[in-house]
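To start, the structure itself, in structure tokens.
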Amino acid sequence: MTLATSPPTLDQRLVLAGRTWEQFKLIQAGFEDSPGSRLFYHNGTIEILMPGRNHEVFKSLIGFLIELFFLETGIEFEPTGSMTQEREGMVSAQADESYCIGASKPIPDLLIEVVFTSGGPNKLQRYQALGVPEVWFWQDGAFSLYHLRESGYERIDKSQIPELATLDLGLLTRCVLMGETSRLEAMREFRRGIQQR
């Protein structure tokens, strides 16, 4: 008889420093049959993240609301989810959600990271190495946005991606928080807010 266990609520995270790209590729191969696990490599550090339930609920809700915005405003997009993005020998990363806006591109225009354990903006170095134009973090009930400039990422108040410039971050934040109790009501409120603009 097998007992059912509930999924962990909190993320599980392991960081291994002083590792080579070759070691990372061996570990990555070992995780091929572990869907949901995310692996990262940058500057000799390997990070293995096993997202918990809360993480996955928030990342899915944020992704749905962003896609609802694209739909309601008629913006063409390609959702690339948590696909692995790599620069051979240097960096490998998997965001929670990612999007190409307009047309398909090798590197997405926007990455979204949900942070429950640690990391947040210090993850920007790996995304800079990949050349990702914009990265959004959801942490402690708020968004922080970063846009890539020549000198590195700059903290911004609203998206610098033209198609997302009209997105009301206050509305988005409010609806993500509403989603803790009712996903349906959060989506309805977000749609109403978009249609009233």
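The values are calculated or read from the model by the stated rules, or taken from the named source; none is laboratory data. Since the model is a prediction, treat every value here as computed from it, not as a measurement. Every residue, glycine among them, receives a Cβ derived from its backbone with ideal geometry; neighbour counts consider all protein chains shown.
Could you check residue 18 against (1) touching a Gly at 6+ places or on another chain (Cβ under 8 Å); (2) within 25 Å of residue 107 (Cβ to Cβ); (3) modelled with pLDDT under 95; (4) not charged (D, E, K, R) and say which number it fails?
(2)
Does the range 142-197 hold any residues that are in a loop (DSSP other than H, G, I, E, B) and surrounded by 11 or more Cβ atoms within 10 Å (Cβ to Cβ), and which are they? Spell out how you get there, then give the answer.
Residues of the range 142-197 that are in a loop (DSSP other than H, G, I, E, B), as a first pass: 150-151, 157-161, 165-168, 179-182, 196-197.
Those that are in a loop (DSSP other than H, G, I, E, B) and surrounded by 11 or more Cβ atoms within 10 Å (Cβ to Cβ): 158, 159, 160, 161, 166, 167, 168, 179, 180, 182.
Can you name every residue in the range 132-151 that is at pLDDT below 95 and more than 23 Å from residue 67 (Cα to Cα)?
Answer for the range 132-151, where residues must be at pLDDT below 95 and more than 23 Å from residue 67 (Cα to Cα): 150, 151.
Any idea which of 19, 53, 38 is touching a Leu at 6+ places or on another chain (Cβ under 6 Å) and not small (Gly, Ala, Ser)?
Working: 19 fails: touching a Leu at 6+ places or on another chain (Cβ under 6 Å); 53 fails: touching a Leu at 6+ places or on another chain (Cβ under 6 Å).
Step by step, each of 19, 53, 38 is checked, and only 38 is touching a Leu at 6+ places or on another chain (Cβ under 6 Å) and not small (Gly, Ala, Ser).
Test each condition in (1) surrounded by fewer than 22 Cβ atoms within 10 Å (Cβ to Cβ); (2) on the phi < 0 side of the Ramachandran plot; (3) modelled with pLDDT of 90 or more; (4) outside any strand (DSSP E or B) for residue 122 and report the one that comes out false.
The failed condition is (3).
Pairs only if they're at least six apart or on different chains, beta carbon under 6 angstrom, first in the range 36-53 and small (Gly, Ala, Ser), second surrounded by fewer than 20 Cβ atoms within 10 Å (Cβ to Cβ); list them, first residue then second.
Final answer for the pair search is 37/31; 37/50; 44/18; 44/19; 52/8; 52/9; 52/10.
When residue 132 is evaluated against the numbered criteria (1) under 20 Å from residue 84 (Cβ atoms); (2) not in a loop (DSSP other than H, G, I, E, B), which criterion, by number, is the only one it fails?
Unmet for residue 132, out of (1) under 20 Å from residue 84 (Cβ atoms); (2) not in a loop (DSSP other than H, G, I, E, B): (2).
When residues of the range 12-31 are filtered for being part of a helix (DSSP H, G or I) and more than 20 Å from the chain's Cα centre (by Cα), how many remain?
Residues in the range 12-31 being part of a helix (DSSP H, G or I) and more than 20 Å from the chain's Cα centre (by Cα): 9 in total.
Restricting to the range 32-74, count the residues that are in a loop (DSSP other than H, G, I, E, B) and surrounded by fewer than 18 Cβ atoms within 10 Å (Cβ to Cβ). Outline the logic, then answer.
Here is the first cut: in the range 32-74, the ones in a loop (DSSP other than H, G, I, E, B) are 32-37, 43-44, 51-52, 74.
Now restrict to residues that are surrounded by fewer than 18 Cβ atoms within 10 Å (Cβ to Cβ): 32-37, 43-44, 52, 74.
Matching residues across the range 32-74 total 10.
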